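Structure record follows, encoded as structure tokens.
The values are calculated or read from the model by the stated rules, or taken from the named source; none is laboratory data. The model shown is predicted, which means the values in this text are computed figures rather than measured ones. In this analysis, Cβ positions are derived from the backbone assuming ideal geometry, glycine residues included, and neighbour counts consider all displayed protein chains.
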Amino acid sequence: MATMRSITSSSCAKTDSGKKKEEVKKTAPKKTSKKWKKRGEKEELPEGYYYQQLHDNGPKILFGPPPKASVQIWKPRPNNIEKVFPGDEIIVSKTDARGNITYGNSLFIKMAGYTEEELLGQPHNIIRHPDMPKLIFKALWDTVTQGKEINAYVINLAKDGGYYWVFANVTPSFDKDNNIIGYHSTRRKPNSRALEIIKPFYQTLKQAEAIGGVHESTKELVKLLESQGMSYDQLILHLQYNL
């Protein structure tokens, strides 16, 4: 007796009129290698990468594994030799979300005094001068990790122990999903008249921090802003462009 399988797999079948009907071959749909992410399914990140939100209303930050610097370097002992750069040139550097250097233009490399190989992968604070108040960098970090830009006067430390002042603008870099993936900084020559105010004020902040840490230096900053009737951003931009 013929089975159901043998009947359905035959190449043709007889009709009532005796004519043969052509076989209709059924083909299975082609398989696709594309894998669609289901709604609500977590995004698969490369090994060592993770998202973290540092502020309640801030964007997520994509952290990757710490880069391995090809050269180990140590901070130099500061001296009193000042380095300057032309007013029409701009220092540019980029970091990952951890603050490790991923790019520096030629002027950044020249002023820092390191080679590109020495700088890449190093934390950006390798050029932080000990005369900088901790409060300023705390304000900077708190601001950019909220997805906002900030301006600040910064004194940097070069490899040879020399120093150079900059007017810095730091902004976060975002991916297509508005997650922070790094930071971009441009530094211009600071207004010399602004530095006449900033230098002694930074000394006041350092003295306050020696007594009571950032909590005490914050009081000094608030006192200055209230006396000027300005926000921090308003004060910094006023010093740079309106003096």
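Of the strands (runs of 3 or more DSSP E) lying entirely inside region 31-127, those carrying at least 1 residues that are surrounded by fewer than 16 Cβ atoms within 10 Å (Cβ to Cβ) and either modelled with pLDDT under 95 or in contact with a Lys or Arg (Cβ under 6 Å, 6 or more places away or on another chain) (or both) are 50-52, 101-104.
Can you tell me which residue in region 129-188 is farthest from D88 (Cα to Cα), limited to those that are of a type in the set (D, E) and assigned to a loop (DSSP other than H, G, I, E, B)? So the residue we want is D177. The residue list N156, N169, N191, N151 contains one member that is surrounded by 14 or more Cβ atoms within 10 Å (Cβ to Cβ), of a type outside the set (A, V, I, L, M), farther than 29 Å from R98 by Cβ and out of contact with any Pro (no Cβ under 9 Å at 6 or more places or on another chain), which is N191. Does at least one position in region 20-27 carry a residue that is of a type in the set (D, E) and at pLDDT below 80? Looking through region 20-27, at least one residue is of a type in the set (D, E) and at pLDDT below 80. In this structure, is E149 under 26 Å from the mean Cα position of the chain (by Cα), charged (D, E, K, R), within 30 Å of I61 (Cβ to Cβ) and at pLDDT 95 or above? Yes.
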